[in-house]
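Engineer: Dumping the structure here so I can ask a few things about it.
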Amino acid sequence: MSWAGPEDIYLSTSLASYLDRKILVLLRDGRKLMGTLRSFDQFANAVLEGACERVIVGEQYCDIPLGLYVIRGENVVLIGEMDTEREELPPHMIRVSETEIKRAQKVEREASELRGTMRKRMEFLDFD
Amino acid sequence: MLFFLYFKDLVGQEVTVELKNDLAIRGTLHSVDQYLNIKLENTRVVDQDKYPHMLSVRNCFIRGSVVRYVQLPPDGVDVDLLHDAARREARGG
């Protein structure tokens, strides 16, 4: 990130324009964190206050509170400014408890593992 | 340096950035830096239904290291100018 003078803030790639705003951070492992951006540096390391992880499984979602987070920039995919005047999620989505979403995550993980092992078995049979 | 200067000339154009995690975002190129980090404005996600969490995001910062492609309008590029610049760069000038 380039360090800019005060006038350049409007044109530069600096994260300064997102300071003290509510942001969504997408991480390389697929996690979605939300919170208030309090600090950043040239590596896109970031400090997120009031952070929570938004876990989405199908039509269900849950926000798991995390507190104060320091995110290492190499894990960051995207930092998005969340427009507070817009809906954060489509209206058909259902908010569930942490236990419920963890259960749904487990089911999804097991289903994709099963698909993976079945595919390996089929590949062994060499069906071309 | 070449692509940084090239993208600087494209500021204001509509582009689609495709990321390594397969997410594709369309928006107006707001700014770019030496790491080819990109800031987009007025963003919409391609295939919005697959990424419900991005619904309220209208401006974003994309880390250069996660970009796979930047898709441009075909007439948004002066190809000859780019060829000349690349040749000059290759020559070491």
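Every read-out reported here was derived from the displayed coordinates using simple, explicitly stated rules and does not represent laboratory data. No experiment lies behind these values; they were computed from the predicted model shown. Cβ atoms come from the backbone with ideal geometry, glycine included; neighbour counts cover every protein chain shown.
Engineer: How much net charge surrounds A:Asp20 when only the other residues with a Cβ under 10 Å from the Cβ of A:Asp20 are counted, with Lys and Arg +1 and Asp and Glu -1?
Structural biologist: +2
Engineer: To continue, here is another question. Can you give me the P(r) profile for segment A:84-128? Cα pairs, bins 5 angstrom wide beginning at 0, each as a whole percent.
Structural biologist: Computed distribution, short to long bins: 5, 17, 12, 14, 13, 11, 10, 8, 7, 3, 1.
Engineer: Then there is this: Charges only on Cβ, +1 for Lys and Arg, -1 for Asp and Glu: so what's the dipole of chain A about the Cα centre, in debye to the nearest 20?
Structural biologist: Computed about the Cα centre, the dipole is about 500 debye.
Engineer: Quick check of the Kirkwood formula: for segment B:1-89, what is the inverse mean of 1/r over all pairs of different Cα atoms, in Å?
Structural biologist: Taking every pair of different Cα atoms in segment B:1-89, averaging 1/r and inverting gives 13.7 Å.
Engineer: Further question: For B:Lys39, go through the aspartates and glutamates and keep the ones whose alpha-carbon is under 16 Å away, minus same-chain ones fewer than eight residues off.
Structural biologist: Correct list for B:Lys39: A:Asp8, A:Asp41, A:Glu81, A:Asp83, B:Asp9, B:Glu14, B:Glu18.
Engineer: Which of the chymotrypsin sites (Phe, Trp or Tyr not before Pro) found in segment A:34-128 are loop residues per DSSP with 12 or fewer other Cβ atoms within 10 Å of their Cβ?
Structural biologist: A:Phe127
Engineer: Over all pairs of distinct alpha carbons, what does the Kirkwood formula give as the hydrodynamic radius of the protein assembly as shown, in Å?
Structural biologist: 19.4 Å is the Kirkwood radius here.
Engineer: Here's something else I'd like to know. Measure nothing but the geometry: give the 0 to 90° angle between the long axis through the Cα atoms of A:98-125 and the longest principal axis through the Cα atoms of chain A, rounded to 10°.
Structural biologist: The angle comes out at about 50 degrees.
Engineer: Okay, next question. Give me the distance in nm between label points sitting 7 Å out from Cα along the Cα-to-Cβ direction at A:Arg28 and A:Lys120, one decimal.
Structural biologist: 2.4
Engineer: So how much slack lies between B:Gln34 and B:Val67, counting 0.36 nm per residue of separation and subtracting their Cα-Cα distance, in nm?
Structural biologist: Difference between extended and current length: 10.5 nm.
Engineer: Additional query: Between B:Leu82 and A:Asp20, take the C-beta separation as r, use R0 = 45 Å, and let me know the FRET efficiency to the nearest 0.05.
Structural biologist: That pair, B:Leu82 with A:Asp20, gives E of 0.70.
Engineer: Mind checking the full-extension length gain between A:Asn75 and A:Arg95? Use 0.36 nm per residue of separation minus the Cα-Cα distance, one decimal, nm.
Structural biologist: Between A:Asn75 and A:Arg95, full extension yields 4.5 nm more.
Engineer: Now, a different point. Taking the Cβ of B:Ile25 as the centre, find all other residues whose Cβ is under 10 Å away and add up their charges (Lys, Arg: +1; Asp, Glu: -1).
Structural biologist: Once all neighbours under 10 Å are counted, the net charge is +1.
Engineer: Helix B:79-91 versus the longest principal axis of chain B: what is the Cα-based angle in degrees, 0 to 90, to the nearest 10?
Structural biologist: Long axis of B:79-91 versus the principal axis of chain B: about 60 degrees.
Engineer: At 222 nm, what helix-only mean residue ellipticity would chain B give, in deg cm²/dmol to the nearest 500, using -39500 (n - 2.57) for each DSSP H run of four or more?
Structural biologist: Taken over chain B, the calculation gives -6500 deg cm²/dmol.
Engineer: What does the charge dipole of the protein assembly as shown about its Cα centre add up to, to the nearest 20 debye, if the Cβ of each Lys and Arg holds +1 and the Cβ of each Asp and Glu holds -1?
Structural biologist: Here the protein assembly as shown has a charge dipole of around 620 debye.
Engineer: Taking H placed 1.01 Å from N in the peptide plane, check which residues at least 5 places from B:Gln71 or on another chain put their amide H under 5 Å from its amide H.
Structural biologist: B:Thr16, B:Val17, B:Glu18
Engineer: Would you compute, from DSSP H runs of 4+ residues alone, the mean residue ellipticity of chain A at 222 nm, taking -39500 (n - 2.57) per run and dividing by the full residue count, rounded to the nearest 500?
Structural biologist: About -8000 deg cm²/dmol.
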